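Student: Have a look at the structure that comes next, please.
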Amino acid sequence: MDKECVGWGWWQARIALLLALPILLTGMYGTNYVFLAARTPHRCHIPECEDNTTLTGPVTQEAWSPSWSTWALPPNSECHRHPTLVGVCSEDGFDNSTFLDCEEFVYQHHTSIMAEFSLACQEWKRTLVGTVHNVGMLVSLPIMGYVSDRYGRRAALVTCGVGAGVVGLIKSFVNSYHLYLASEFFETVLGASVYPAAFVLMIEWLGVEHRILASLLLGIPLSLGAASLALLDYLTAYWRTWARFAYPPSFLLLLYPWVLPESVRWLVAGGKVKEAARVIKQAARANNVSLPEGTLDKMLSTDQVTDKVLNIVEEESILRAFIKYSALRRRLLVCFAWWLCAVFVFYGLAVRSHALAGSAHANYVLLAAAELPALLLNTLLLDRAGRRPLLTAAFLLTAVALIAIPCLPDHESGFGVALFLAGKMGATMALNALYVYTAELFPTRARQRLLAACSTCGRIGAILAPQTPLLAQYGAWVPTTLLGALPLASAALTRLVPDTLGRRLPDSFADLDSSTSAISVSTALP
């Protein structure tokens, strides 16, 4: 295809602008459990001293910390109370030497599902919401990948975006914890593949050599969406209201079959040559490119021949190659470790934002904002410093920042928050760089499949990340230290694989030990 049509121009700018809406919504939905299933301060309900009005709604500060709490409630315990001796609310009416489990709870506020579904002192149920959400991400990849290849990138994008909106809106009306879990799962099965579909569509209109630019163009609205999640939760102050405002905008994607162009590469590969020709002509007009007579037919026929040749090439089994080539085993296992670590830390930091001092909403907005300089640095440095040096630096930045936090005299100070944000910036840089670096480490014939395998391994990290708050029972320093130690180990693993900047990328498994000739990377991309 003509480089002027697949390079950067007004046509591509229009596509990037249209893709900004679904990506922004994905950023808003992607970690909504951080607020919708946020931990809510709670205490035992003491019927001897208070009526049932404190059970049904927000309580005043006076009702939350009444004078009788000093003799009815043990200090620093949300799940126990002292037993009553005579059934009256007096200091002598409670036995301060023993404890009972709470039967009912008073919640400081009712903004999240924790109060709605009575999840007090069942922390595992609350964190399970995030895990179920991320299991849906794992299930989504193969299903929506098939939809994208079979029915088109645009069809996958619209199906995922609108489907997530419908299920999310239904979620706002559920009346039980188990129905909420089910809706959380199905929302993510549909919605988690919006970003991959949009990324592939953007790449196929820009050209693979613009992969870094595509990451920047789509990363900005993704970060803005994460910030919008916190802002909307602050304004609505109730999880059902949040959902009823957040999900309806996804229905705008129903207009996209008429306004968003399909990937011309997918059209050609599917034999839709007339539609591909029409779209290429529109792109050429938008970019002020003239196509000489006969050039378009030759271009499309060349693409078709290329696709047919690639489709009939006999590919060596990945399993057989894994056993045969030590370089493949080393690269694949290192990439598995990288992805598991990077995704675990990225989502783990989002979950830990509520443990920071100050406003949880402001902290989350700052975390989202920390992604923007990370994306800009990657765009500027990946093609200058190299893939391996930048990835190593990103992992080390994350590790040093997070390990240093528990060492501070006051880890909730402003300096502690700054280190936390530095860790998030490093984690974002690492994850963003992995999309480029991993693809270049594997041969052309298996690149997409092995990248998908590494990404799937990363989803395991996303599934485990919401459980990190449970580690705080062993010490407040444990979750943050773990999130810092894993990038340190990942940084050490970068020495086991070569940098790919300026090197010829491998076309076959046999090339893995010999793809070191210094030529432009962009010429070797598929």
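The values are calculated or read from the model by the stated rules, or taken from the named source; none is laboratory data. All figures in this text were calculated on a predicted structure; none of them were measured in a lab. Positions of Cβ are backbone-derived with ideal geometry, glycine not excepted, and every protein chain shown enters the neighbour counts. Side chains included, ligands, DNA and RNA excluded: accessible areas come from the protein's heavy atoms. Shrake-Rupley method; radii C 1.70, N 1.55, O 1.52, S 1.80 Å.
Student: On C-alpha positions alone, give me the angle between the axis of helix 295-312 and the longest principal axis of the chain, in degrees, nearest 10.
Tutor: 70
Student: Once both labels are modelled 7 Å past Cα along the beta-carbon direction, what's the D51-Q108 spacing in nm?
Tutor: Going by the 7 Å Cα→Cβ label model, 2.6 nm.
Student: While we're on this one: So, R0 is 56 Å and r is the distance between the beta-carbons of K274 and H178; what FRET efficiency does that work out to, to 0.05?
Tutor: Details: r = 50 Å, r/R0 = 0.89.
After rounding, the FRET efficiency stands at 0.65.
Student: By the scheme Lys and Arg +1, Asp and Glu -1, what is the net charge of all other residues having a beta-carbon under 14 Å from that of A337?
Tutor: Net local charge, A337 excluded: +4.
Student: Right, here's the next one. Just to make sure I understand: if all protein chains stay in place, what is the order of I220, I323 by accessible area at 1.4 Å, largest first?
Tutor: Sorted descending by solvent-accessible area, the residues read I323, I220.
Student: Give me the 1.4 Å probe accessible area per residue for the stretch 365-497, excluding ligands and nucleic acids, in Å².
Tutor: Normalised by residue count, the accessible surface of the stretch 365-497 is 39 Å².
Student: Please compute the net charge surrounding Y247, taking Lys and Arg as +1 and Asp and Glu as -1 over other residues with Cβ under 12 Å from its Cβ.
Tutor: Net charge in that neighbourhood comes out at +2.
Student: So, in nm, how far is label N288 from label L496 when the simple model puts each one 7 Å beyond its Cα toward the Cβ?
Tutor: Taking the two extended label points, one gets 5.2 nm.
Student: Okay, next question. Quick one: angle between helix 177-191 and the longest Cα principal axis of the chain, in degrees between 0 and 90, rounded to 10, please.
Tutor: 20
Student: Calculate I(q)/I(0) for the chain by the Debye formula, one identical point scatterer on each C-alpha and no solvent, and give its log10 at q = 0.11 Å⁻¹ to two decimals.
Tutor: For the chain at q = 0.11 Å⁻¹, log10 I(q)/I(0) is -0.99.
Student: How would D233, D92, D149, D511 rank on accessible area, largest to smallest, probe 1.4 Å?
Tutor: D92, D149, D511, D233
Student: Let me ask something else about it. What angle, in degrees between 0 and 90 and rounded to the nearest 10, separates the Cα long axis of helix 211-236 from the longest principal axis of the Cα atoms of the chain?
Tutor: Computed tilt is about 20 degrees.
Student: Tell me the mean residue ellipticity at 222 nm calculated for the chain from its helices only (DSSP H runs of n ≥ 4, each -39500 (n - 2.57), averaged over every residue, nearest 500). Present the calculation step by step, with values, prior to reporting the outcome.
Tutor: On the way: 24 runs with 327 residues, N = 526.
Calculated at 222 nm, the ellipticity per residue is -20000 deg cm²/dmol.
Student: Could I ask something else about it? Tell me, what is the FRET efficiency for D410 and R330 to the nearest 0.05, using R0 = 45 angstrom and their Cβ-Cβ distance as r?
Tutor: 0.55
Student: Which distance in nm do the two modelled labels at F99 and T70 give, with both placed 7 Å along the Cα-to-Cβ direction?
Tutor: It is 2.1 nm.
Student: Could you derive backbone 3J(HN,Hα) for the stretch 380-390 from the dihedral phi with the Karplus parameters 6.51, -1.76 and 1.60 (θ = phi - 60°), listing whole Hz in sequence and x where the residue is Gly or Pro?
Tutor: 7, 9, 4, 8, 10, 6, x, 5, 5, x, 5
Student: Which FRET efficiency, nearest 0.05, do R384 and T456 yield, Cβ-Cβ r, R0 25 Å?
Tutor: Using R0 = 25 Å, I get an efficiency of 0.25.
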